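One structure below.
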Amino acid sequence: MRVLVSPSYGSSGAQRHWADTIDQEVPFAEPRYDELLTPEQRERLAALHPEKKARFWGARARHEKKMADVTTGDIVLFTGRNQVLAVGEVGAVFRNGALADRLWKPESHEKSWHIVYSLLDFAPSDISYLELNAAIGYKSNHVFPGQLVLRDHQARSVLEEFMITPGTAWSPATTAPEPSEPSEHPSLSSSRIPIPSPVTNSTPALPARDPVRIAAAEEVRTHRTTYERAHGLIVVERHESRLVSEFRQHLIAQGRTPIRFYCPSGISDIYVSDTKGTELIEAKSKPTRLHTRQALSQLLDYAPHSPRPVERLGALFPLEPARADVELLHRYGIDVIHREPTSGFRRLPASLERRERMRELWSA
């Protein structure tokens, strides 16, 4: 998995390009664009964007080396105005200078773009440079002057800190299986069963993927050749992702390892399973009645899919909810956890009797 950091709004030229191909989708099947595509590029775009239109961005030829392994499902952070303006998910990636000039006509003093990539999905963002620098490990005053491709632990850190989940699910190529790594939970492997590629009709049918797996943000795309669109790009609201990040650190300080898991219902916020027990926690950015009900429904929806039988459910809030909302969650055996100025976080546990009574419902 790679994360691109792409300056996109600093110059008048970049702002013009943004207006042309980010603010609006490009109908790439129209003759003025289609005539410049190779058969392979045309087929790839059609497979990824059956509606025949997409947002596009690109890079100049000097970035060829760093962009060489960028592929479908990688994440792009579009930067400008001292923040991440938006988050995108890479679709088709190819080299086509003629199409680049058609999409982004260069001024006389500008160099042409060479690398073109479409976006499978796109979401506005307000991540500050200060927060991004902290996640990457850069100095706080770094301003991201040029194209950057983050890999390995830096990419993982960004995805985990800002709770960004690509919508593209990948499977290993049958001819080049990826090496397996020992897991802390051997029975909860995050490996995927091969699936047929949507790009070709000649691929033989293969078994379906396991519907529940540990969410591994560090999944490496090397040696992967097939994909499926599992869901849309998920970028968690920043107030909520900050809260999750803080509570993850709180758990780590206690010697616990918070992770996430994917299931047919969605993606959990926090999942811990160790000698202290198995717990599923959902975070909400506000302690309102609406957010309380959302947490309740998500927990009851995700719990039956827990990789291990869940022993505790928790709803995490920035402030203590109203008494009636706490009682609502306690009625279903769900703990309430909220920020506490003096101790970090405070847990309002549901009664043991209620929790024991509700466990059968959680796993139904």
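The values are calculated or read from the model by the stated rules, or taken from the named source; none is laboratory data. Everything numeric in this text was worked out from a predicted model, so none of it was measured. In this analysis, Cβ positions are derived from the backbone assuming ideal geometry, glycine residues included, and neighbour counts consider all displayed protein chains.
The sole residue among 314, 333 that is crowded, with 19+ Cβ neighbours inside 10 Å, on the phi > 0 side of the Ramachandran plot and assigned by TED's automatic domain parsing to the domain that holds residue 250 is 333. Number of residues in segment 245-299 that are under 22 Å from residue 156 (Cα atoms) and within 20 Å of the chain's Cα centre (by Cα): the value is 23.
For residue 76, state whether it is assigned to a loop (DSSP other than H, G, I, E, B), among the aliphatic types (A, V, I, L, M) and in contact (Cβ under 8 Å) with a residue 12 or more places away in the chain. So residue 76 fails the test.
Okay, residues lined up against (1) touching an Asp or Glu at 6+ places or on another chain (Cβ under 9 Å); (2) crowded, with 20+ Cβ neighbours inside 10 Å; (3) in the same structural domain as residue 74 (by TED's automatic domain parsing); (4) farther than 11 Å from residue 5 by Cβ:
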{"position": "113", "(1), (2), (3), (4)": "yes, yes, yes, yes"}
{"position": "120", "(1), (2), (3), (4)": "yes, yes, yes, yes"}
{"position": "134", "(1), (2), (3), (4)": "yes, no, yes, yes"}
{"position": "140", "(1), (2), (3), (4)": "no, no, yes, yes"}
{"position": "144", "(1), (2), (3), (4)": "no, yes, yes, no"}
{"position": "155", "(1), (2), (3), (4)": "yes, yes, yes, no"}
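Strands (runs of 3 or more DSSP E) fully within segment 87-176 that include at least 1 residues being of a type in the set (Phe, Trp, Tyr): 115-128, 168-172. Do the conditions hold for residue 242, that is, is it at pLDDT 85 or above, part of a strand (DSSP E or B) and either under 14 Å from the mean Cα position of the chain (by Cα) or over 28 Å from residue 356 (Cα atoms) (or both)? So residue 242 fails the test. In the set (1) free of Cβ contacts under 8 Å to residues at least 24 places away in the same chain; (2) more than 28 Å from residue 125 (Cα to Cα); (3) of a type outside the set (Asp, Glu), the condition left unmet by residue 11 is number (2). Note on segment 255-285: residues that are of a type outside the set (Gly, Ala, Ser) and assigned to a strand (DSSP E or B) amount to 15.
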